[in-house]
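Accompanying notes for the structure given below.
The values are calculated or read from the model by the stated rules, or taken from the named source; none is laboratory data. Here the structure is a predicted model, which is why all the values come from computation and not from measurement. When we count neighbours, we look across all protein chains shown, and the Cβ atoms used for this are built from the backbone with ideal geometry, even at glycine.
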Amino acid sequence: MITAASATIAAEGESFHAPGPSIFDLPPVFEIAGFGVTKPMLQLVIAAIVVFGLLYAASRSRQLVPGRMQFAGEGAYNFVRNSVARDIIGSRDFQKFVPYLVALFFFILVNNLFASIPFFQFPTFSRAGMAYALAGMSWLIYNGVGMAKHGVIGYLKLQSVPSGVSPFMYPLLVPLEFFSNILVRPVTLALRLFCNMFAGHILLVLFATGGLYLIEHVGGIGYVAGPLAWVLAILVSFLEILVQFLQAYVFVLLNAMYIQGALADEH
């Protein structure tokens, strides 16, 4: 898959310029009152519309014997509801978090799949700021849930003071537990999503532009190695689709685990 930016990189001069972070700096598509609206911003809006539209279409005309659209929607909904929310959070508290987790899973999945869809061909969460914003929202939710149940002091105590440990170990363990459970979680949550989308896109552009360079500038063996690089790009594209699904699943799974930990009476 060769985008306009990657084709330009391959065509510049006779020396190959490997793709780098600059390929993610896309120019604004248009401006509103001097504010540039970029492609990833538009993809966030499009993904929200797509997720809402598909879920609405699947649930609009519910029947006892479901049609194909309802069957697919129920299967997708039950996958998150049963395999993530109920199994992780527990049967007592999970139901209230199902709408959030379902919407979160499919929103991330659609944005990830944009990297493999022609015309889009860009993973939204390869922009770190967007991944951090999503992780920040998750941080507010699971901490808010824990504080609502246990109170602010009680929640911080549960998250920072491990049970069954001698008080003599508190000066060492309490700061580590607070740092790990309260501060680091949203960072690692965002980095996991961002780095996988970033690395996968870089790899695809590398194979695509490298194959073009080998054919245009190397000749000889390049006529063999170039198409081979494109074959590898296609294979990596299929692998990326699996990674895109897994990253959406892992992000939602960790959210459910953090919510469960916030609701738990012991740490």
* Condition check for Val98: over 14 Å from the mean Cα position of the chain (by Cα), surrounded by 14 or more Cβ atoms within 10 Å (Cβ to Cβ), closer than 22 Å to Gln260 by Cβ and among the β-branched types (Val, Ile, Thr) -> yes
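Let me confirm something: among Leu191, Leu113, Leu140, which residue is closer than 21 Å to Ala264 by Cα, part of a helix (DSSP H, G or I) and at pLDDT 90 or above? Explain how you work it out, then say what you get.
Working: Leu191 fails: closer than 21 Å to Ala264 by Cα; Leu113 fails: closer than 21 Å to Ala264 by Cα.
It is Leu140.
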* Which pairs have Cβ atoms under 6 Å, sit 6 or more apart or on different chains, and link a residue in the stretch 32-50 that is over 10 Å from Phe107 (Cα atoms) to one that is charged (D, E, K, R) and outside any helix (DSSP H, G or I)? -> Pro40/Arg127
* Structure fact -> Scanning the stretch 223-256 residue by residue, the ones that are crowded, with 19+ Cβ neighbours inside 10 Å and over 28 Å from the mean Cα position of the chain (by Cα) total 1
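Given Leu172, Leu214, which one is crowded, with 19+ Cβ neighbours inside 10 Å, free of Cβ contacts under 8 Å to residues at least 24 places away in the same chain and either over 30 Å from Ala248 (Cβ atoms) or among the aromatic types (Phe, Trp, Tyr) (or both)?
Working: Leu172 fails: crowded, with 19+ Cβ neighbours inside 10 Å.
After applying the criteria, what remains is Leu214.
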